[in-house]
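What follows is a set of notes on a single structure, which appears directly below.
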């Protein structure tokens with residue numbers, strides 16, 4: 001079975017929509033394919049994170065801006081002329097005249113000609129609109145504080161009213177503007193936590209991600225509602241998938257108190273020890289695993305790292321940890 005098909009079925013299986021016989025084929029393939037295993041783990045982690053968040057209604061400014069853009073797009077469409085309607089009617093009835101070759105050819109020629117003429121008219125209308133747009137936007141008076149604010153159309157949601165003063169060139173335009181939003185609150189506030197979790201995953205700035213992960217990690221280390229289906233899941237995703245080593249380090253720091261009680265945290269730390277590209281994170285992972293060094297899976301990973309790792313320091317630290325833990329009889 002190809003990986004592309006398997007990855008499509010992984011999505012169906014995650015939401016319980018895959019047939020039983022296909023689930024067996026899926027499990028057999030995933031067990032032998034590291035790429036598909038990673039895809040499924042990532043999907044399940046994102047699904048858990050999404051289920052932890054409440055569904056929020058879209059912002060009113062976003063809806064207003066979307067409607068404004070839709071209205072502008074509809075207004076830009078040219079009106080349908082008689083030859084457009086004729087061309088559409090010819091297209092709809094083309095199948096019924098297929099048996100009459102001569103008539104079909106004539107109708108096809110007429111349709112092509114009408115379409116070309118319509119395209120020419122549309123191009124002329126668009127060119128005229130493009131030329132007229134700058135002159136329509138040019139201010140009639142020198143820029144003032146109020147007109148300067150209106151010079152940023154990307155932040156305007158809609159126009160609410162236009163009033164011209166009698167016997168004057170002065171016009172008053174009232175509009176609603178889309179502005180950045182901000183929120184202040186305690187770290188215990190669910191809205192603040194949702195934003196921090198969103199920033200930890202989606203922010204394009206490593207600095208913003210680092211700040212959010214540091215706050216989440218501090219909350220988890222303090223034991224403030226760091227449930228598995230909340231902040232802890234967000235830190236697990238960061239540790240596994242964030243591209244910035246400093247951000248991953250902060251996530252690892254926040255997960256440290258839960259390595260003994262949560263197998264998922266233990267597995268993520270072992271995964272970091274085995275495959276993280278940053279030596280500092282791998283060394284920190286060894287130290288974090290100290291409370292569970294007697295665990296069989298932990299000893300196996302440490303044994304593998306101590307014998308095969310490319311970094312001599314990591315190998316030595318792993319050997320020291322193994323030597324300090326007595327063999328389980």
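For this structure, a couple of remarks:
- Alpha-carbon centroid distance for the pair the stretch 175-192 / the stretch 269-329, whole angstrom: 43 Å
- Once the Cβ-Cβ distance of residue 47 and residue 184 is raised to the sixth power relative to R0 = 45 Å, the FRET efficiency obtained is 0.90.
- Label-zone membership for the stretch 308-324, site residue 277, 7 angstrom Cα→C-beta point, backbone N under 11 Å: none
- In terms of packing, defined here as the mean over residues of other Cβ atoms within 10 angstrom, the peptides 301-310, 207-216 line up highest first as 207-216, 301-310.
No lab work stands behind these numbers, since they all come straight from the coordinates. Being a predicted model, the structure only gives us computed values, none of them experimental. As a convention, Cβ positions derive from the backbone with ideal geometry for all residues, glycine included, and neighbour counts pool all protein chains shown.
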